[in-house]
Amino acid sequence: MAIMRAEIGDQLVVESPAVGATRRDGEIVGLRHADGTPPYEVRWSDSNAVTLVFPGPDAHIRSFRHGYGDGHPPPLPRTDRAEGRTSTEPPAAPPGRSFHPGDIGRRVATERERRGLTRRETARRAGMAPEYLAYLEEQTADPTAATVARLAGVLGTTPVALRGGTNDLPPGRGQALLHPQMRELDPDECRRLLSTSGVGRVAVSTQQGPAVVPVNYEVVDDVIAFRTAPDSVPAAAVGSEVAFEVDHVDEAMSRGWSVLAVGPARVVTDPDAVRSLVDRAHASPWAGGDREMWVTIHPTRITGRRITEGGT
């Protein structure tokens, strides 16, 4: 009989010997032996409770160290208690909130890369197998609450944020720091933060009054550039002095920064300049559609602020 071995992050599945009874599964969150032999500390998916388990003959390990068919493990069946059946479909979303298990992995990968962490280092800090983290980031996975909580702690965010529960909420709803400090940023730091590119907001004057709209932007030789359509609100910036703002809010730490650039906006008409902007663009406009008009903002004034814990 083969000796059972497991790693943290593997799944322990216990098949019930009773006809018609549902099986039980849980995530292995702790090992008592370095060689991966039992017993295991298991967080059960049906109760979220952690217990010490000495697996019997009706138990087996679903390991993420090895491939299954296409190189990735299949989703674990989930018990539908209302109908007494199992399904590989992801759990239903709470009323009024969209939920897609694969989105969790994408958010984990984004936060991990933003903090400059490798998969191996992230997995080590979260106490899970690197192969499991790779599976989570690349496949449609539905990790346990304990796994999401550990990853959130390592990545400096919250489980709700990793699951997308804050998607439709404005940033900054958390509590302020106990001793917040706001400091002015020097021009060099402002330019460094601005140069990361991404999404910013341009403030323009229109016939209906002032407007502030988000745009995907690039920074090329200290010049801010964004794509839009000729009849759009951002296009109203052309020929006038406008304000452009970018910011970042760290919900978990109640910290953040903002940079404001002010200067004249111009439309780019030179074909070579347009081609250069297209080649250097990091992303297409999120709004989609025909947005081939490039607008540049040449900052004449740039200021910024950062909120931190007092004394740091």
Checklist entry - Of the residues that make up segment 240-247, is at least one in contact (Cβ under 8 Å) with a residue 40 or more places away in the chain, of a type in the set (Phe, Trp, Tyr), in contact with a strand residue (DSSP E or B) (Cβ under 8 Å, 6 or more places away or on another chain) and surrounded by 17 or more Cβ atoms within 10 Å (Cβ to Cβ)? => result yes
Next on the checklist: Between a residue in segment 153-168 that is within 14 Å of ALA109 (Cα to Cα) and any residue that is modelled with pLDDT under 80 and outside any helix (DSSP H, G or I), which pairs come within a Cβ distance under 6 Å, given they are 6 or more apart or on different chains?
Outcome noted: GLY156/ALA252; THR157/ALA252
Checklist entry - Out of (1) free of Cβ contacts under 8 Å to residues at least 24 places away in the same chain; (2) over 20 Å from ALA161 (Cβ atoms), the odd one out for GLN139 is which? => result (1)
Checklist entry - When you go through (1) touching a strand residue (DSSP E or B) at 6+ places or on another chain (Cβ under 7 Å); (2) at pLDDT below 85 one by one for ASP142, which number turns out not to apply? => result (1)
Checklist outcome for this item: So, first residue within 15 Å of VAL262 (Cα to Cα) in segment 188-201, second residue surrounded by 14 or more Cβ atoms within 10 Å (Cβ to Cβ) and of a type in the set (D, E, K, R), Cβ within less than 8 Å, six or more apart or across chains; the pairs are GLY200/GLU245; ARG201/GLU245
Next on the checklist: Here are the criteria: (1) under 29 Å from PRO180 (Cβ atoms); (2) over 25 Å from the mean Cα position of the chain (by Cα); (3) at pLDDT below 90. Tell me which single one LEU260 does not satisfy.
Outcome noted: (3)
Checklist entry - Which of the residues spanning segment 258-312 are exposed (fewer than 11 other Cβ atoms within 10 Å of the Cβ) and either part of a strand (DSSP E or B) or of a type in the set (Phe, Trp, Tyr) (or both)? => result TRP286
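Among the strands (runs of 3 or more DSSP E) confined wholly to segment 1-60, which include 1 or more residues that are surrounded by 12 or more Cβ atoms within 10 Å (Cβ to Cβ), at pLDDT 80 or above and in contact with a Gly (Cβ under 6 Å, 6 or more places away or on another chain)?
Numbers: elements: 11-14, 24-31, 40-44, 50-53.
Result: 11-14, 40-44.
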Item to check | Those residues of segment 107-148 which are exposed (fewer than 15 other Cβ atoms within 10 Å of the Cβ) and part of a helix (DSSP H, G or I), in sequence order | outcome: THR110, GLU113, ARG114, ARG120, GLU121, ARG125, GLU138, ALA145
Item to check | Filtered residues of segment 203-235 (kept if within 20 Å of ARG305 (Cβ to Cβ) and within 25 Å of the chain's Cα centre (by Cα)) | outcome: PRO214, TYR217, VAL219
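The values are calculated or read from the model by the stated rules, or taken from the named source; none is laboratory data. Remember, predicted model here, so these are calculated numbers, not experimental data. Backbone-built Cβ (ideal geometry, glycine too); neighbour counts: all protein chains shown.
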